[in-house]
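The values are calculated or read from the model by the stated rules, or taken from the named source; none is laboratory data. None of the values given here were measured: they were computed from a predicted structure. Positions of Cβ are generated from backbone atoms using ideal geometry, with glycine treated the same way; all protein chains shown enter the neighbour counts. Side chains are part of the model used for accessible areas, which takes the heavy atoms of the whole protein and leaves out ligands, DNA and RNA. Shrake-Rupley method; radii C 1.70, N 1.55, O 1.52, S 1.80 Å.
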Amino acid sequence: MSAGGSGAALWGALAASSALLLFIFLIRQVLRQRRPPGFPPGPPGLPLVGNILALAGDPHVYMWKQSKIHGEIFSLDLGGISTVVLNGYDAVKECLMRQSDVFADRPSLPLFLKLTKMGGLLNAKYGRCWTEHRKLAVSCFRNFGYGQKSFEGRICEESSFFLDSVDTYKGKAFDPKHLTTIAVSNISNLILFGERFRYDDDDFLHMIEIFSENIELATSAWVFLYNAFPLIGVLPFGKHQQLFRNASEVYDFLFQIIQRFSENRKPHSPRHFIDAYLDEMERNAADPDSTYSTENLIFSVGELIIAGTETTTNVLRWAVLFMALYPNIQVQVRKEIDLVVGPNRAPTFEERGSLPFTEAVLHEVLRFCNIAPLGIFHATSRDTVVRGYSIPEGTTVITNLYSVHYDEKYWRDPEIFYPERFLDSAGRFTKKEAFVPFSLGEERPRCCQRCSPAISRSDTNVARYKHRREVSGGGPTAGTPTHHRWAAVGMPRHRPCDKRVPAVGPPQV
């Protein structure tokens, strides 16, 4: 056979092999996209990609609308990844409270496997790693932070630094995002590192900006496609590649600051979270199954920074926004603070109970703006049945917290911004059962050491800010951020407003 004939035969064999592999892939993908027996119904999807493209806009709104068609519990096909979506308070409570251990796992998605190898804290599988890291985090936040009475003084000090930085603008308009982000992050930095960062620390600010960018990138269509088809990771372009580059840069920076703040460490005399974690690493060094490692330390520090910083920062930004948009609410908050606190000192945590309207405003901000509209993805740890639907082990589960806060069974006229819904007839603050800004059940311990203080911290920080400052804005026609930029965390979007300012007033009877 001639050389030309041999080459043609080789190319023919390669083409046939490629065609066979493509055929096998397509058959496998079609089988993956079939709903398991007894699985919840859902909207039809496209071949190969399923419902991924439908999530390109505001996925929490899309899911809420689909629940009106398919029911509170329905399914999506995310490119062969069978996913169950929970909508409304009753469905979320039924799964996360009544079957909390079943829905407490994390999905083994390619993105999580690549970024954290299912380790760390927030994305750890439901087992030893999560248990040990959660226990250590809760202990450190209690011993070095919120459990110490002196810690409030350090928060007050940070608030003063923040307000002094605001004063440098001398009444001129400015975007408070960077100042707010560093100020909020410094509260957790005191626990993690024992020190705060300066507002002009460009390296730390750059890291926070990368964190914020990755939160947006993690919800892009490219990432959903990567989870469905990990082979696209070889492509040199796409938002998933930017996310991976950002993560690598952040991990390098975190490793450097961990080394910096662990200098002069005295074993068994921890000064902060880093020291306490290194103590646990040494204590468990002989255990081959230990989950404490330098890698998991980096993951945990990064997750603890981002979990609280993004949530609390955006609570405060939304609160300032609504104060500017609705001066009547701002006036009421200021009058309440002046009456309770007086003009010569700052509000304290203990005075939250005496500031019911201020607390109601912050709770309504959390409800109305949906700081974490889809929470963190869950997975089932074993086969289960919910409302007659069969949900197999390992199924990805999304809790649509946006739908919970707009559930008309529990909230009258939810589209109206109305802080008074959190006050009783006597003007006292009252909790609402369907108020779940972060999560429910077994999920809460994962994030509560960072996110629960977000509410109390936001209350007092807004009170301190309003005690010394008046907020004004140019109104919605001047480019005021009056709606979401979709990400894993809901944040105001700065652009000319393309929808009307949310209505404010009592719900319709």
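Name the helices (runs of 4 or more DSSP H) wholly inside segment 1-112 in which the number of residues that are more than 17 Å from LEU374 (Cα to Cα) and modelled with pLDDT under 90 is 2 or more.
It comes to 3-32.
Taking segment 71-98 only, how many residues are within 15 Å of PHE39 (Cβ to Cβ) and among the small types (Gly, Ala, Ser)?
Counting residues in segment 71-98 that are within 15 Å of PHE39 (Cβ to Cβ) and among the small types (Gly, Ala, Ser) gives 4.
Yes/no matrix, rows are residues, columns are (1) among the small types (Gly, Ala, Ser); (2) open to solvent by less than 30 Å² (accessible area, probe 1.4 Å):
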{"residue": "ARG134", "(1), (2)": "no, no"}
{"residue": "GLN148", "(1), (2)": "no, no"}
{"residue": "GLU158", "(1), (2)": "no, yes"}
{"residue": "ASP167", "(1), (2)": "no, no"}
{"residue": "LYS170", "(1), (2)": "no, no"}
{"residue": "THR180", "(1), (2)": "no, yes"}
{"residue": "ALA183", "(1), (2)": "yes, yes"}
{"residue": "ASN186", "(1), (2)": "no, yes"}
{"residue": "ARG198", "(1), (2)": "no, no"}
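Can you name the number of the only condition in (1) touching a residue at least 24 places away in the same chain (Cβ under 8 Å); (2) open to solvent by less than 20 Å² (accessible area, probe 1.4 Å) that PHE229 fails?
(2)
LEU163 fails exactly one of the following numbered conditions: (1) under 30 Å from PRO37 (Cβ atoms); (2) touching a residue at least 40 places away in the same chain (Cβ under 8 Å); (3) surrounded by fewer than 22 Cβ atoms within 10 Å (Cβ to Cβ). What is the number of that condition?
(1)
Sort out which residues of segment 329-342 are assigned to a helix (DSSP H, G or I) and more than 22 Å from PHE174 (Cα to Cα), and write them in order of number.
The answer is GLN332, VAL333, LYS335, GLU336, ILE337, ASP338, LEU339, VAL340, VAL341.
Does ASP101 satisfy being open to solvent by less than 30 Å² (accessible area, probe 1.4 Å) and acidic (Asp, Glu)?
It is false that ASP101 is open to solvent by less than 30 Å² (accessible area, probe 1.4 Å) and acidic (Asp, Glu).
When you scan segment 271-292, how many residues do you find that are surrounded by 11 or more Cβ atoms within 10 Å (Cβ to Cβ), without any contact (Cβ under 8 Å) to a residue 60 or more places away in the chain and part of a loop (DSSP other than H, G, I, E, B)?
Summing the residues that are surrounded by 11 or more Cβ atoms within 10 Å (Cβ to Cβ), without any contact (Cβ under 8 Å) to a residue 60 or more places away in the chain and part of a loop (DSSP other than H, G, I, E, B) in segment 271-292 gives 2.
Any residue in segment 88-113 that is in contact (Cβ under 8 Å) with a residue 24 or more places away in the chain sitting within a Cβ distance under 6 Å of a residue that is part of a helix (DSSP H, G or I) and open to solvent by 30 Å² or more (accessible area, probe 1.4 Å)? List the pairs, counting only those 6 or more apart or interchain.
PRO110/PRO230
Being open to solvent by 40 Å² or more (accessible area, probe 1.4 Å), part of a helix (DSSP H, G or I), touching a residue at least 40 places away in the same chain (Cβ under 8 Å) and over 23 Å from PRO373 (Cα atoms): is that true of GLU295 here?
yes
Okay, residues lined up against (1) touching a Gly at 6+ places or on another chain (Cβ under 9 Å); (2) open to solvent by 20 Å² or more (accessible area, probe 1.4 Å); (3) in a helix (DSSP H, G or I); (4) of a type outside the set (A, V, I, L, M):
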position: GLY302; (1), (2), (3), (4): yes, no, yes, yes
position: ILE306; (1), (2), (3), (4): no, yes, yes, no
position: GLU310; (1), (2), (3), (4): no, no, yes, yes
position: GLY353; (1), (2), (3), (4): no, yes, yes, yes
position: THR358; (1), (2), (3), (4): no, no, yes, yes
position: VAL361; (1), (2), (3), (4): no, no, yes, no
position: GLU364; (1), (2), (3), (4): no, no, yes, yes
position: PHE368; (1), (2), (3), (4): no, yes, yes, yes
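Can you find a residue in segment 441-455 that is closer than 24 Å to PRO107 by Cα, modelled with pLDDT under 90 and part of a loop (DSSP other than H, G, I, E, B)?
Yes, segment 441-455 has at least one match.
Yes or no: ARG387 open to solvent by 10 Å² or more (accessible area, probe 1.4 Å), of a type in the set (D, E, K, R) and at positive phi?
So ARG387 passes the test.
Go through GLU249, GLU263 for me and flag whichever is open to solvent by 10 Å² or more (accessible area, probe 1.4 Å), in a loop (DSSP other than H, G, I, E, B) and free of Cβ contacts under 8 Å to residues at least 60 places away in the same chain.
GLU263
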